[in-house]
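Report on the structure given below.
The values are calculated or read from the model by the stated rules, or taken from the named source; none is laboratory data. Nothing here was measured: the structure is a model prediction, and the numbers come from that model. Backbone-built Cβ (ideal geometry, glycine too); neighbour counts: all protein chains shown. Ligands, DNA and RNA are excluded from the accessible area calculation, which covers all protein heavy atoms including side chains. Shrake-Rupley method; radii C 1.70, N 1.55, O 1.52, S 1.80 Å.
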Amino acid sequence: MPLLRRVPPGRAGRLWLQHRLDIAGRGAELLDHKLRILHTERARMSLLAERTGETWATAVREADTWLLRGALLGGQRALRLSGGGPHATVDVRWAVSMGVRYPVEAVCAVPARSPGAVPDGSAALVAAREAYVAAVQAAVAHAAAQAAVRVVAAEEAATRRRLRAIEDRWVPRLQEAMSQVRLDLEEQEHTDGVRLRWAAGLGAARPWRDEELRS
């Protein structure tokens, strides 16, 4: 890696590498902690998405049943006259956890029909309208739950990649560089030790040599 090309020589390089190994270790711990929290949150949101999906499917089946009854009782003309009305609005509430922003709740509001609207042709169509309102509200809740799962799952995957990059690539390279620096220091210390012993031996022999020269 380009960063390892800037390792200082000698003991300064050992300190430099140890500092980065400490940083990498703390970073891996934080990422592992974040990963476990995200995994728990994704599992919880997946269960919520599953439940809201079942609620939505049930609501749609019920609404379709009432619509079919209304069509059989009043015909296509009654269905056309019962259509229309004001648009629904959706209010989404967001939350932030471990740096991830995701929807935690979505509320769908369907305004009541205006007093001048054409009345529904039968009780079955009234029930169908109410059932479809419930189905739309269930669909919005399910969509929010699914969106939360996607966001948290994406962040979980990204966190896992960063953790693996540290554990599988960055730390091993630092450790390899540290081993090489330590080996170089040991060789240097051994060489320095030999030189010191040689110099000490030479110094001890010098007085005898000087005495021989004087005599």
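A few comments on the model shown:
- Meets criteria (open to solvent by less than 70 Å² (accessible area, probe 1.4 Å), modelled with pLDDT under 95 and of a type outside the set (Gly, Ala, Ser)) for LEU73: no
- Listed by first and then second residue, the pairs linking a residue in segment 14-35 that is at positive phi to a residue that is crowded, with 17+ Cβ neighbours inside 10 Å and hydrophobic (A, V, I, L, M, F, W, C), with Cβ atoms under 7 Å apart and 6 or more places separating them unless they lie on different chains, form an empty list.
- Residue check, TRP66 assigned to a helix (DSSP H, G or I), open to solvent by 60 Å² or more (accessible area, probe 1.4 Å), among the aromatic types (Phe, Trp, Tyr) and at pLDDT below 95: yes
- The single residue among GLU50, GLU130, GLU54 that is surrounded by fewer than 17 Cβ atoms within 10 Å (Cβ to Cβ), modelled with pLDDT of 85 or more and either in contact with a Phe, Trp or Tyr (Cβ under 9 Å, 6 or more places away or on another chain) or more than 28 Å from GLN146 (Cα to Cα) (or both) turns out to be GLU130.
- Within the option set ALA28, ALA43, ALA12, being open to solvent by less than 60 Å² (accessible area, probe 1.4 Å), under 15 Å from THR159 (Cα atoms) and out of contact with any His (no Cβ under 7 Å at 6 or more places or on another chain) holds for one residue only, ALA28.
- Screening the candidates ARG160, ARG164, ARG173 for the property of being modelled with pLDDT under 95, over 29 Å from THR55 (Cβ atoms), open to solvent by 60 Å² or more (accessible area, probe 1.4 Å) and not acidic (Asp, Glu) yields one hit, ARG173.
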